[in-house]
1. Pop a pseudo-label 7 angstrom from the Cα along the beta-carbon direction at both residue 437 and residue 400 and give the gap in nm to one decimal.
2. Given the Cα-Cα distance of residue 29 and residue 169 and 0.36 nm per residue of separation, how much length would full extension add, in nm?
3. The range 197-300: percent of C-alpha pairs farther apart than 21 Å?
4. Over the range 5-139, what number does the Rg to Rh ratio reach, with both radii from the alpha-carbon atoms and Rh per Kirkwood?
5. Would you mind checking the range 464-492 for residues with the amide N under 13 Å from a putative spin-label position 7 Å along Cα→C-beta of residue 414?
6. Using all Cα-Cα distances in the range 307-404, what percent lands in each 10 angstrom bin from 0 up to the longest?
7. How do 251-263, 62-74 rank on mean C-beta neighbours within 10 Å, highest first?
8. How long are the semi-axes of the equivalent ellipsoid of the range 295-344, defined as square roots of 5 times the Cα gyration tensor eigenvalues? Whole Å, largest first.
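The values are calculated or read from the model by the stated rules, or taken from the named source; none is laboratory data. Note that the coordinates shown come from a computational prediction; the quantities given were computed from them, not determined experimentally. Every residue, glycine as well, gets a Cβ built from its backbone with ideal geometry; the counts of neighbours run over all protein chains shown. Just so you know, the surface numbers come from the protein's heavy atoms only, side chains and all, with ligands and any DNA or RNA stripped out. Shrake-Rupley method; radii C 1.70, N 1.55, O 1.52, S 1.80 Å.
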Amino acid sequence: KLHSDLDKGVGTVKYTLSGDGAGTVFTIDETTGDIHAIRSLDREEKPFYTLRAQAVDVDTKKPLEPESEFIIKVQDINDNEPKFLDGPYVASVPEMSPVGAYVLQVKATDADDPTYGNSARVVYSILQGQPYFSIDPKTGVIRTALPNMDREVKEQYQVLIQAKDMGGQLGGLAGTTTVNITLTDVNDNPPRFPKSIFHLKVPESSLVGSAIGRIRAVDPDFGQNAEIEYNIVPGDGGNLFDITTDENTQEGVIKLKKPLDFETKKAYTFKVEASNLHLDHRFHSVGPFKDTATVKINVLDMDEPPVFSKPTYTMEVYEDTPVGTIIGAVTAQDLDAGSSSVRYFIDWKNDVDNYFTIDATEGTVATNELLDRESTAQYNFSIIASKVSNPLLTSKVNVIINVLDVNEFPPEISVPYETSVCENAKPGQVIQTVTAADKDLSPAGQRFSFRLSAEASNKPNFTVHDYRNNTAGIETRRNGYNRRQQELYFLPVVIEDSSYPVQSSTNTMTIRVCRCDSDGTILSCNVEAIFLPVGLSTGALIAILLCIVILLVIVVLYVALRRQKKKDTLMTSKEDIRDNVIHYDDEGGGEEDTQAFDIGALRNPKVIEDNKVRRDIKPDTLRFPRQRPPVEDNTDIRDFINQRLQENDVDPTAPPYDSLATYAYEGNGSVAESLSSIDSLTTEADQDYDYLNDWGPRFKILADMFGEEESYNPDKVT
């Protein structure tokens, strides 16, 4: 309830409410100021609300007092039961654990206010699972309640746990959860054979290494605690058998170590021991964790194939032995009670077996063809023996026949047949060590001897030194050799063996004379190298040839550039501006050559109208003559040249090689002083050209030209 001191109870004050939940959770009576909750409150949803209230004048709507803030706190009641947020639970504990062994701790959560009353005070208890387990009421720790719980008796337990608030008092709310507890295995049980004697029947034809029977000891434990190891106790017949453990079934697999023979022994008896691999010291007091059983094996008689007296047969025969010669025999017999006769035959697989035959009754082996040790030194084939009473029962034996050698091939020099000697070799120098090879099979202690042939013994070039260890050395007998005189020497070497009959051969060795340095290292053995300069190596000769080739290339390039320069360029520079001197790149015809330029054009201006084409340069295109106004006689040459210069300057089609177009007036101040009379300070009458005759024959045409002009035109042009 809100009330203002300014409220006289006459309805002039109005109360307003704002803040958390105003209008939705809480409402206020505007006249009396009473605050009411308009819906249910949940402390677990919102424990308190902050509100603001104010009193205002009904008429003016103005606050009568400042706004005041207050908090409405929701008081808790026990409306939430405890909950196991992590349930259901799974736990395990080893079997045979003592009382009070820790299993698991559970925890329940109550959403009520733990600071107000006992609404959130939780107490734990077991509803199902006694008397095997207990729980602490306050902490929720579960422990074992009985000793020696055996997994082999019961492995799984389901325990129902209750959590109750209000301290477990009447009227409190409760929640439950399930705990599944498994007893884990420990090795508390030894293996036990279900019976003391095992009987097995085994055929005598069983193969060595094959399984002939299985026995099993029972261990109620699980996993590695149930792993069993089997062993044969030393005793009667134990050395013929072996036993291993099948990892999947934990059975003992009995295997045969040696072949059985019914005719030799018909029964075997031995003991087998089964024991655990992983022992637990806590249970040693229970007794030994192993058990023993007896195994009796009866051997069954079987119809067996013949048995050879040896596992393999080895025979020897000399090569070239006559056909039909007996070289050995094989023997097989039937060991069964009713002994049967045996027949022999060769297991034909290839043509090699045709070299021998066997007597079907006696088993003797004889040659069927002539043998050659150099072709085949050893024969390997099989002989089969079968029972007459049962031909399907056969046995096989391997026969090896070694062909012995008869000395029929002479020894020969092993490669190489060619060697070399230095030109600067000294007498007694060994240039090659040779050995011998013999196609015959040399018996132990056979020796080879080396010597020169009779015809080579008298030559003073080389000799053979027999080292008497099946090797010999080729030695020099001269002080130096000359390749220019003789490049190759042929040395016949005689080799003899020590077998009977003695065989010998003559082998020719080729000795090449080579050029060597002072240390004996070969520099060259080629014939061409004889004519090369002494002291120049191959690399130096290649460098000299390369330099010569480079110089030749430079000379060829220089000549080609010179020729190209003459062909591509007509003039090296612009034509010299002289009166009658024109510069060309080609050689002219001398003073008598008057075809290159018509000098009369300067003397007679009318000649220009003919528009003659230059005769010294081939024109690029044909052009029509330009129409020019006629030039009157007696016109000053300077005006004539200036007129022609102006015409060509403004004419875009004027050829650049026109002789008249390329002339210009030479100004004053020329150091060389012009030879022309144009723009002379004196008149032509005052000019004397007789001095041109004194210049020699090269200026004769120029002197005649000006002399003729003087006589032709008496009037002087100014």
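1. Using points 7 Å along Cα→Cβ, the separation is 2.5 nm.
2. Working: separation 140, 0.36 × 140 = 50.40 nm, distance 4.19 nm.
Extra length from residue 29 to residue 169 when fully extended: 46.2 nm.
3. Of all Cα-Cα pairs in the range 197-300, 37 percent lie more than 21 Å apart.
4. Values: Rg = 26.5 Å, Rh = 19.9 Å.
That ratio is 1.33, to two decimals.
5. Answer for the range 464-492: 469-472.
6. 16, 49, 26, 9, 1
7. Numbers: 251-263: 16.8, 62-74: 11.8.
Result, highest mean Cβ count within 10 Å first: 251-263, 62-74.
8. Details: eigenvalues 269, 36, 6 Å².
Ellipsoid semi-axes (Å, largest first): 37, 13, 5.
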